[in-house]
Amino acid sequence: MKRFNLAAVFLVSILLSCDDDTYSFRYFPDKPENMVEFNSEYDDYNSYLVVIGDSGPFCFSSNRNSLGKNFNIIYTPLSVYMEKSPRRVNLIVSDYYEGYREANEIPGDLADAVMRVNTQSNELGPFLIPQGEAITEYYNVLPDYSHYILLYATDESGNLDIQFTENITRDFYCTPEKIKFCNSSSDDAYPAIMPDTSSIYFCSDREGSFDIYTVDFTGTGRFIDQLYDPSEREVKKVSDLSSEYDDKCPFIAGNLLVFTSDRPGGYGGFDLYYSIYDGSRWISPVNFGEKINSAYDEYRPFVKNFGNDFENDFVIFSSNRPGGKGGYDLYYAGIKKMTE
């Protein structure tokens with residue numbers, strides 16, 4: 001794989017003229033836009049973007065490398081910024097930005113992680129967790145590095161299991177391990193972590209249809225040690241989010257949880273829903289509506305809040321609606337601010 005496919009930088013830059021205070025366009029479009037530069041004629045979905053300051057990798061699953069067979073996790077540069085010309089202001093969502101650093105300057109390079117997690121089976125639902133700066137203990141000669149944990153699911157064993165890997169040097173990742181207390185003899189996938197790392201959410205069809213489940217962490221010790229711990233823990237179905245139909249792909253941003261479901265009352269196929277955590281429970285899920293959903297399938301959403309840089313939140317999801325490049329394509333849009 002070429003080097004430029006193995007590193008990513010997410011840059012948000014608001015380009016303003018110092019002598020022009022009339023600039024106010026900071027709004028993601030309500031209508032979903034196809035992420036043309038990222039999509040292929042094959043299926044591209046299950047994306048996840050992690051932001052560390054002003055940079056971070058854009059990860060997603062695609063079966064392009066196998067020409068439509070198995071899915072692997074890949075990543076690529078992603079830039080989101082405003083570009084102002086004399087006559088208009090453009091929102092740019094691109095796989096290139098003039099100011100991003102070269103691949104070998106990016107801390108926590110994911111090249112080794114991708115090599116280790118991808119198999120001839122399917123790898124889905126990447127979820128990358130920044131753990132801050134780490135101090136190496138190897139010979140006291142290697143520099144400090146950014147520590148990451150990559151969660152994902154693979155069906156290498158015959159059914160989907162949730163696994164993880166971490167980098168123990170700047171770009172050396174350990175052999176993937178299963179998160180034993182999440183997995184069952186059924187499909188378990190799409191891990192997501194509460195912002196305070198108090199619990200993990202995922203979906204599973206262990207009771208027939210896909211539902212959303214959660215497991216609490218103990219609250220003691222390092223977060224990574226919680227994942228290595230083989231002890232059995234209570235796996236709880238989140239009844240406020242689950243239905244008799246398939247409820248999949250949870251993602252959590254602050255107090256907001258988004259997911260996909262084929263429950264009745266939608267616009268056709270799988271639709272995107274959201275729920276707000278009120279401090280004690282998740283409120284009844286709400287359909288994102290016809291601006292986001294279509295008569296086709298919408299899958300694995302993730303949401304990013306840009307603070308005061310934009311007036312609404314940013315969502316990326318995948319859909320097989322007509323008008324794309326083929327199969328499932330990645331789309332972006334704006335949704336009202338709901339995250340805290």
(message) Looking only at the stretch 177-186, filter to residues that are surrounded by fewer than 20 Cβ atoms within 10 Å (Cβ to Cβ) and within 21 Å of the chain's Cα centre (by Cα); which one of those is farthest from SER157 (Cα to Cα)?
(response) GLU177
(message) Can you say whether LEU67 is in contact with a Cys (Cβ under 8 Å, 6 or more places away or on another chain) and either closer than 30 Å to ALA189 by Cβ or at pLDDT 50 or above (or both), as far as the supplied structure shows?
(response) no
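Kindly indicate whether any position in the stretch 321-340 is touching a residue at least 24 places away in the same chain (Cβ under 8 Å), among the polar types (S, T, N, Q) and over 16 Å from ILE252 (Cβ atoms). Please lay out each step first, then the result.
Filtering the stretch 321-340 for residues touching a residue at least 24 places away in the same chain (Cβ under 8 Å) gives 321-340.
Filter again for among the polar types (S, T, N, Q), leaving 339.
If we keep only those that are over 16 Å from ILE252 (Cβ atoms) as well, we get none.
No, that holds for no residue.
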(request) For ASP240, work out the one condition from (1) closer than 19 Å to ALA153 by Cα; (2) surrounded by fewer than 16 Cβ atoms within 10 Å (Cβ to Cβ); (3) of a type in the set (Asp, Glu); (4) modelled with pLDDT of 95 or more it doesn't fulfil. (result) (1)
(message) As an exercise: evaluate ASP225 against (1) assigned to a helix (DSSP H, G or I); (2) within 19 Å of the chain's Cα centre (by Cα) and give the number of the one condition it does not meet.
(response) (2)
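Given the structure, is GLU311 surrounded by fewer than 16 Cβ atoms within 10 Å (Cβ to Cβ), in contact with a Gly (Cβ under 9 Å, 6 or more places away or on another chain) and more than 25 Å from VAL238 (Cα to Cα)? Give the derivation first.
Values: surrounded by fewer than 16 Cβ atoms within 10 Å (Cβ to Cβ): yes; in contact with a Gly (Cβ under 9 Å, 6 or more places away or on another chain): yes; more than 25 Å from VAL238 (Cα to Cα): yes.
Spelling it out, GLU311 is indeed surrounded by fewer than 16 Cβ atoms within 10 Å (Cβ to Cβ), in contact with a Gly (Cβ under 9 Å, 6 or more places away or on another chain) and more than 25 Å from VAL238 (Cα to Cα).
Restricting attention to the stretch 272-297, and to residues there that are in a loop (DSSP other than H, G, I, E, B) and touching a residue at least 60 places away in the same chain (Cβ under 8 Å), which single residue is nearest to the chain's Cα centre (by Cα)? I'd like the intermediate steps shown before the answer.
From the stretch 272-297, those in a loop (DSSP other than H, G, I, E, B) are 278-281, 283-285, 288-297; that's our starting set.
Going one step further and asking which of them are touching a residue at least 60 places away in the same chain (Cβ under 8 Å), we end up with 291-292.
On the way: LYS291: 21, ILE292: 18 Å.
Per the stated criteria, the residue is ILE292.
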(request) Any chance you could count how many residues in the stretch 232-271 are small (Gly, Ala, Ser) and part of a strand (DSSP E or B)? (result) 2
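Just one of ALA153, ALA189 is of a type in the set (Gly, Ala, Ser), out of contact with any Ser or Thr (no Cβ under 9 Å at 6 or more places or on another chain) and crowded, with 17+ Cβ neighbours inside 10 Å; which is it? Talk me through it step by step, then tell me what you get.
Working: ALA189 fails: out of contact with any Ser or Thr (no Cβ under 9 Å at 6 or more places or on another chain).
Testing whether each residue is of a type in the set (Gly, Ala, Ser), out of contact with any Ser or Thr (no Cβ under 9 Å at 6 or more places or on another chain) and crowded, with 17+ Cβ neighbours inside 10 Å leaves just ALA153.
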(request) For residues that are at pLDDT 95 or above and not in a loop (DSSP other than H, G, I, E, B), scanning just the stretch 311-329, find the one that is farthest from SER79 (Cα to Cα). (result) SER319
(request) Please list, ordered by first then second residue, the pairs with beta carbon atoms under 8 Å, 6 or more apart or interchain, first in the stretch 218-235 and closer than 19 Å to ASN167 by Cα, second of a type in the set (Asp, Glu) and surrounded by 10 or more Cβ atoms within 10 Å (Cβ to Cβ). (result) ILE224/GLU166; LEU227/GLU177; TYR228/GLU177
(request) Report, ordered by the first and then the second residue, all pairs with beta carbons closer than 7 Å, sequence separation of six or more or different chains, a first member in the stretch 298-310 that is outside any strand (DSSP E or B), and a second member that is of a type in the set (Val, Ile, Thr). (result) ASN305/THR339; PHE306/VAL12; ASP309/VAL12; ASP309/ILE14
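Yes/no per residue for (1) closer than 17 Å to ILE335 by Cβ; (2) among the polar types (S, T, N, Q); (3) in contact with a Leu (Cβ under 6 Å, 6 or more places away or on another chain):
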position	(1), (2), (3)
LYS236	no, no, no
SER243	no, yes, no
ALA253	yes, no, no
SER294	yes, yes, no
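The values are calculated or read from the model by the stated rules, or taken from the named source; none is laboratory data. Just so it is clear, the model here is predicted, and its values are computed rather than measured. Cβ sites come from the backbone with ideal geometry, for glycine too, and all protein chains shown count toward neighbours.
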